[in-house]
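The next block holds one structure in the form of structure tokens; read it before the comments.
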Amino acid sequence: MTGWLEYFTKGLRNQLMDVKIKGEKVIKIDILEEKIKDFKLNLRQKRALEYLLEHQRIDNSIYQKICNTIKRTASRDLSDLVKFGFLERHGEKKGDSLFL
């Protein structure tokens, strides 16, 4: 019986962790959606925020690819997202990464 109980509790723990991770993601999405309402973000910036919910980090080259834009536009859009408080910049000026 102890083996079955250990198996059951391990499965239950795994399911609870999955629920916790999914719940945290939903909460982040809700907070982000509320915060977005206060700002006039363009479609590229909204797409980048959606990307960040899945991938945790973004940089200029990734932004250019997912938004089909040039480097200058990507830099300006990402700088605006930092200025508005959506992103935090980590790293050197060139080649830095941005996080939610």
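Bear in mind these aren't lab numbers, they're just calculated from the coordinates by the rules spelled out. Quantities reported herein were computed from a predicted structural model and do not represent experimental measurements. Please note: Cβ atoms are built from the backbone with ideal geometry, for glycine as well, and neighbour counts cover all protein chains shown.
Below is a table of values for the structure above.
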| read-out | value |
| --- | --- |
| Span-like helix ranges in the chain, DSSP H, alpha carbon extent 24 angstrom or more, Kyte mean at least 0.0 | none |
| Gyration tensor (alpha-carbon) shape descriptor, the range 41-100, a/c threshold 1.5 | rounded |
| I66/I31 FRET efficiency (R0 25 Å; Cβ-Cβ; nearest 0.05) | 0.70 |
| Cα-based Lys pair tally, the range 41-100, threshold under 17 Å, eight or more apart or on separate chains | 5 |
| Value of D in µm² per second that Stokes-Einstein yields for the chain, Kirkwood Rh from Cα pairs, at 25 °C (0.890 mPa s) | 158 µm²/s |
| Directionally averaged shadow of the range 1-47, computed from the convex hull of its alpha-carbon atoms, nm² | 3.8 nm² |
| Simple Cβ-charge dipole of the chain, Lys/Arg +1 and Asp/Glu -1, about Cα centre, in debye nearest 20 | 400 debye |
